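Working notes for the structure below.
Bear in mind these aren't lab numbers, they're just calculated from the coordinates by the rules spelled out. Since the structure is predicted, the reported quantities are computational estimates derived from the model, not experimental observations. Virtual Cβ from ideal backbone geometry, glycine too; neighbours counted across all protein chains shown.
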Amino acid sequence: MTQPDESFDSPFGTHHPSLTETDAPARIALDASLAAVITINEQGVIESVNAAANRLFGSREADMVGQHLRNLMTSPDRENCAEYLAKYLATGRKNFIGRGREVMGQRLDGTIFSMLLSVNEVWLGEQRKFTAVACDITNLGKAIGKLEETESRSRAILQSAADAVITIDERGEIESLNATAENLFGYSHNELIGQNISLLMPSPYREDHDNYINAYLRTGQRKILGISRDVVGCRKDGTTFPMELAVSEAKPGGQRHFTAIIRDITSRKAAERQLKYFASQLQERNLELSRSNEELERFTYAVSHDLKSPLVTIKGFVGRLQRHVEAGEFNEIEDYLSRISNAAARMGSLLDNLLTYSRVGRVVNPHEDIPLADLAREVIELCDISIQDRGMQVTLNEQLTVIRGDRFRLVELLQNLVENSVKFTKDVPNPQLEIGTFTKWQQTVCYVRDNGIGIEQPQQQHIFNLFEQLNREVPGSGIGLAMAKRIVESHGGRIWVESDGIGSGCTMCFTLPAAENSSS
Ligand code: ADP
């Protein structure tokens, strides 16, 4: 530590020689000042000091006056001080004069401290003097150091943040960005600084953005400020991606700045899409499950009801048979036996049909692309005898399409519909059968149309239920349309009937998946 100049010990008078009594108010003001004010002459010798200077250097005015200003500093500032002053007087070059400098100050007790020193020239008439204003910036230095440390820490955090952080000015020009922003958008730091933020947005947001900022500055109406929004970002290579954007506003030093925090939400969006897909799948499965539950209920009811009826017949005739045999009456035995056997046969055929019905949807053959025309021809051939017997005219619509599904089941489906058309055109003079397609709800609908007895509106929704028969005189089991419905639905399609009522024929319509190798 440098020792203070030995001349510090010599006491001087307490009044500044150049201050007169009229200077008293100035003196009071100087002493009230928090900054140390020292006047020196051209040689750098101290002529007066204020109270703050005494406090700063731990001295009395008497200790200071007459000393050289350099004695209030340590090396190398001490040497520089004298040199700068001499240089200024000789050349007018200002190294020290007129500007503030950070130097190492030295108190009377030898302790040193960081000092901000500014020396200014003053003329008192012909006399040139200098005033030195000094203040202790030890704490300021510490505070600045802390500030710098905090700033560099924040910068480091910002650089390594998972989110892209971009600051822009009022005109939307980029002022700063972190490394994540560079990586996210594929631009280098320098490529983005000074660019308009709209560069990072695809059209039409790019064009809208300037208008938005201007509208906000004009009206103060916020659209994205303070709210986090999902928007679209545009990389340097032109590719776009979904991003979450949160913009906040700050006014450091009265200047308005915006900070945008951007997060790439590509994977979140993908997860959301997947979740949505799973939710819809789940919903579909639930619907399917409740449909099949309802179907099961109907099925159980129908089976117990329809199987019971031949059983009741059998039980009744067996009882009669027993009574007649006991009474020795054998006349009607043959009739009873034949009724019992018919009921048993009916029950057998019901059970067979039920078995077939239950297999639909459970036994699945590989799906293939099948031209509907091929399927129609195959079925017409299968039903050829009954079609011929009925004298039915068959038409294949020209716009037949290619469908995709389990060929075996689709033949069953079409066969059921064609057999019904043959059955229910019994007393029609000129029976017609038409197989074809039309477009409805942007979907290809296949149909089997006849000009038979038709179906009344209220009955139309019931005919697809198991064992539902509107016309008990016509032979049948009431299983055909239930099976047709099951086949269509197991392929993901729908089936319905269109008919204007009794005597107007009917059209059985159904949809099926389109062929994979066809645009239809
Ligand atoms: P069924 O064995 O009685 O034909 P389906 O399940 O095939 O059983 O048909 C159910 C009922 O729907 C039939 O009994 C009939 O009343 C009515 N139906 C089906 N197809 C036609 C059609 N083409 N014309 C008029 N009615 C029909």
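In a fully extended conformation the segment linking residue 498 and residue 377 would gain 41.2 nm over its present Cα-Cα distance, using 0.36 nm per residue. Using only Cα atoms and rounding to the nearest 10 degrees, what angle (0 to 90) does helix 205-219 make with the longest principal axis of the chain? The helix 205-219 is inclined about 60 degrees to the chain.
Peptide packing for 485-497, 383-395, 75-87 was compared via the average number of neighbouring C-beta atoms within 10 Å per residue; ordered from the highest value, the list is 485-497, 75-87, 383-395. Fully extending the segment from residue 474 to residue 516 would add 11.1 nm, taking 0.36 nm per residue of separation and subtracting the current Cα-Cα distance. With contacts taken as Cα pairs under 8 Å and at least 6 residues apart, the chain reaches a relative contact order of 7 percent. Model label points for residue 41 and residue 175, set 7 angstrom from Cα along the Cα-to-Cβ axis, are 5.2 nm apart. With only the Cα atoms considered, the chain has a convex hull volume of 326 Å³ per residue. When peptides 46-53, 261-268 are sorted by average Cβ neighbour count within 10 Å, with the highest value leading, the order is 46-53, 261-268. Report relative contact order for segment 384-520 in percent, whole number only (criteria: Cα-Cα under 8 Å, sequence separation at least 6). For segment 384-520, the relative contact order is 28 percent.
For the chain, the longest principal axis of the C-alpha atoms and the axis of helix 138-160 are separated by about 20°.
Projected label points at residue 271 and residue 331, each 7 Å from Cα along the beta carbon direction, are separated by 8.8 nanometres. Working note: Cα atoms of segment 165-206, range along each principal axis, descending, whole Å: 26, 20, 15. Under 18 Å from a label point set 7 Å out along the Cα-to-Cβ vector of residue 300, the amide N atoms of segment 437-468 belong to 466-467. As I understand it, the value is the acute angle between the Cα axis of helix 372-382 and the longest principal axis of the Cα atoms of the chain; what does it come to in degrees, rounded to 10? Roughly 20 degrees, rounded to the nearest 10.
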